[in-house]
Amino acid sequence: MKILVSNDDGYLAPGIIALVEALRPIAEVVVVAPDSNRSGSSNSLTLDRPLSVYRADNGFYFVNGTPSDCVHVALTGGLAFRPDLVVSGINQGQNMGDDTLYSGTVAAATEGFLFGIPAIAFSQAEKGWAHIDCAARIAREIVERGFDMLQKPYLLNINIPNLPYEQIKGIRAARLGKRHESEPVIKALDPQGREIFWIGPAGKARDAGEGTDFRTVADGFVSVTPLQIDLTHALQLEVLKKDLP
């Protein structure tokens, strides 16, 4: 198996290092990741400047761009082969519910999916890298398991509790939950006394009931959510077809 690995925390993040170490015994792994933290970059591509690709001492390739840039460059000219799987992560912090719209981790996987390659995004539920080795072990087991029951290409969003391996209760399929509106921006002053703004924290979970990714992870299970890209609102489309001349 040939696997392309990326992330949004940057090529030096403990999550991607642990993930690669876990996957190397079972696959040929190539890493193309951002040169720095690009969390929240979503599916953006850099179009206003050229991109550069560098190779680190550990063999990882890094790009001065977004997670989507990394996978795009790799798949359209950077790699000498077409990978069997694109894996993104392991992210520091959860990507559940509405987070998936903003997540650079999910975006890297999505870019592979858009090129017709199965893709998986892995995240830990909490920040701080606690039990990252356990998360990497679970990621390898999930990759080894495969998803032959799913139509290819598939796009999976997976969140792993920050727990010791023995305390993980299992793996469950889950739907995306929903969050409340984001918290207000945080106002501050720059050194010149001008007002600046930091984006506030994500809103708290609003729909975290049975069957959601929020509830699944809170109960000690790994959540697996299949994603799709079609944004068409089918019901409203039918209304418009009837109403518009």
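Within segment 49-78, residues that are closer than 19 Å to V20 by Cα sit with their Cβ atoms under 7 Å from residues that are among the charged types (D, E, K, R) and open to solvent by less than 10 Å² (accessible area, probe 1.4 Å), at 6+ positions apart or across chains, in these pairs: V63/D69; P67/D8. Within segment 164-192, the residues that satisfy the criterion of being in a loop (DSSP other than H, G, I, E, B) and open to solvent by 50 Å² or more (accessible area, probe 1.4 Å) are K169, L176, H180, E181, S182, E183, P184, V185, P191, Q192.
Residues of segment 229-245 that are assigned to a loop (DSSP other than H, G, I, E, B) and either under 29 Å from the mean Cα position of the chain (by Cα) or modelled with pLDDT under 90 (or both): I229, D230, L231, T232, H233, P245.
Is it true that some residue in segment 135-151 is without any contact (Cβ under 8 Å) to a residue 12 or more places away in the chain, more than 18 Å from E21 (Cβ to Cβ) and of a type in the set (K, R)? Yes - at least one qualifying residue is present in segment 135-151.
What's the number of the only condition in (1) among the β-branched types (V, I, T); (2) closer than 20 Å to F122 by Cβ; (3) surrounded by 10 or more Cβ atoms within 10 Å (Cβ to Cβ) that I229 fails to meet? Every listed condition holds for I229 apart from (3). The criterion of being of a type in the set (V, I, T), over 12 Å from G97 (Cα atoms) and at pLDDT below 90 holds for I196.
Against the conditions (1) open to solvent by 60 Å² or more (accessible area, probe 1.4 Å); (2) farther than 19 Å from G15 by Cα; (3) in a loop (DSSP other than H, G, I, E, B), where does L51 fall short? Just the number, please. The single condition L51 does not satisfy is (1).
Here is a list: I142, I117. Which entry is open to solvent by less than 40 Å² (accessible area, probe 1.4 Å), at pLDDT 95 or above, out of contact with any Leu (no Cβ under 8 Å at 6 or more places or on another chain) and on the phi < 0 side of the Ramachandran plot?
I142
Among the numbered conditions (1) aliphatic (A, V, I, L, M); (2) part of a loop (DSSP other than H, G, I, E, B); (3) within 13 Å of the chain's Cα centre (by Cα), the only one that V5 does not meet is (2).
Do we find that N58 is under 17 Å from the mean Cα position of the chain (by Cα) and either on the phi < 0 side of the Ramachandran plot or open to solvent by 10 Å² or more (accessible area, probe 1.4 Å) (or both) in this structure?
No; evaluated as a whole, the condition is false for this residue.
The set of residues from segment 90-121 being closer than 18 Å to K2 by Cβ and assigned to a strand (DSSP E or B) comprises A119, I120. Among the residues that make up segment 74-81, is at least one of them crowded, with 21+ Cβ neighbours inside 10 Å and not in a loop (DSSP other than H, G, I, E, B)? Taking every residue of segment 74-81 in turn, at least one turns out to be crowded, with 21+ Cβ neighbours inside 10 Å and not in a loop (DSSP other than H, G, I, E, B). For the criterion of being open to solvent by 30 Å² or more (accessible area, probe 1.4 Å) and more than 16 Å from G97 (Cβ to Cβ), A202 fails.
The values are calculated or read from the model by the stated rules, or taken from the named source; none is laboratory data. In this text, all values refer to a predicted model and were calculated from it rather than measured experimentally. Please note: Cβ atoms are built from the backbone with ideal geometry, for glycine as well, and neighbour counts cover all protein chains shown. Protein only, heavy atoms only, side chains kept; ligands, DNA and RNA dropped before computing areas. Shrake-Rupley method; radii C 1.70, N 1.55, O 1.52, S 1.80 Å.
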